[in-house]
1. List Thr32, Thr80 from most exposed to least, where exposure is judged by having the fewest other Cβ atoms within 10 Å.
2. How would Glu133, Glu140, Glu90 line up from fewest to most surrounding beta-carbon atoms within 10 angstrom?
3. Percentage of Cα-Cα pair distances in the range 29-147 greater than 21 Å, rounded to whole percent?
4. What ranking, highest mean first, results for peptides 116-127, 37-48 when packing means the other Cβ atoms within 10 Å averaged over each residue?
5. Based only on other Cβ atoms within 10 Å, what is the fewest-to-most ordering of Ser109, Ser54?
6. Using the Karplus curve 6.51 cos²θ - 1.76 cosθ + 1.60 with θ = phi - 60°, work out ³J(HN,Hα) for each residue of the range 114-127 in order, rounded to whole Hz, and write x for Gly and Pro.
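Rule-based calculations on the coordinates, nothing more; no lab input. Just so we're clear, the structure is a prediction, and the values are computed from it rather than from any experiment. FYI the Cβ positions are ideal-geometry reconstructions off the backbone, even for glycines, and counts take in every protein chain you see.
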Amino acid sequence: MPCSHAEAGEVTRTFGAPRAWANVPVPVNAITLTVPAERRFLGVVNLVLGGLGSRLDLPYAQVDDLQLAVDSVLAHGDPTADGVLTVEVEVGEGRLIVQVGPLVEGGASNDGLKRVLAPLVASAWPLDRDGREWIQLEIERETAVESR
């Protein structure tokens with residue numbers, strides 16, 4: 001029988017038998033990161049992207065390109081009503097799909113942004129999600145071993 005204990009100001013923790021699904025392996029192939037749209041929090045995005053790149057054994061130059069591409073897109077961000085921006089990364093076979101948004105209207109089609117992204121990603125195109133503009137970036141995965 002599970003029991004719980006909480007006093008004023010404490011976090012409630014429940015102890016008992018593990019749930020049946022607790023031991024089911026779940027492949028993690030996607031990360032969603034929602035951050036406040038303040039510049040001081042955007043470094044967290046780079047930290048997560050760097051960690052992901054390391055985990056995937058991507059070469060430093062490719063991680064750097066990924067971070068620069070996402071930073072450039074976030075500069076065109078148009079936060080939600082609650083002041084946040086979202087970065088979603090999906091790890092696929094031989095590629096990464098990164099979706100960032102919401103963006104200012106026309107942000108994904110901005111010529112300056114296109115010029116910055118062209119050498120950094122395999123492809124970039126605008127998306128419409130719930131009436132807001134987002135951008136999808138595709139990055140071809142190469143491993144650090146392949147780049148040597």
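1. Result, fewest neighbours first: Thr32, Thr80.
2. Glu140, Glu90, Glu133
3. 32 percent
4. 116-127, 37-48
5. Ser54, Ser109
6. Coupling constants for the range 114-127: 4, 5, 5, 6, 3, x, 9, 10, 6, 7, 8, 8, x, 10 Hz.
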